[in-house]
């Protein structure tokens, strides 16, 4: 009986010894944009970028926001337009609000390189230059053994 308890205790201790924890590293804010020239149809305009989470770190994405700048007036995206966001071709469900903020968060990303794609559409043309912007904010942590 003592041997069985000793083996169980040893197994529990080795499980806890291999556990990792997180320590705060930095707050991350990344901004991306696409400029659409005047008189251009901008249905399904795509922007691409790469996000790298360094080795030994994880990223907790807290929010992704979107909006556009036309004639120097910033505006959130609204029901007349749409915005989709993809990480490595995985669609992040666009649970919209009138402020252009997506909600299904947080999203945890381990160390690695991630392809970001943003898709914006309105089904029209723009009479002036239109800049569509996306921002991603999160917290990066160190993985501590």
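Between residue 127 and residue 31, what's the calculated FRET efficiency when r is the beta-carbon distance and R0 is 30 Å? Round to 0.05. Let's see the in-between values first.
Values: r = 25 Å, r/R0 = 0.84.
The computed FRET efficiency comes out at 0.75.
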Subtracting the Cα-Cα distance of residue 24 and residue 52 from 0.36 nm times their residue separation yields 8.3 nm
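Only the coordinates and a few stated rules stand behind these numbers; no lab work does. Not measured: the values here are computed from a predicted model. Quick reminder, even Gly has a Cβ in these numbers, built from the backbone with ideal geometry, and neighbours come from all protein chains shown.
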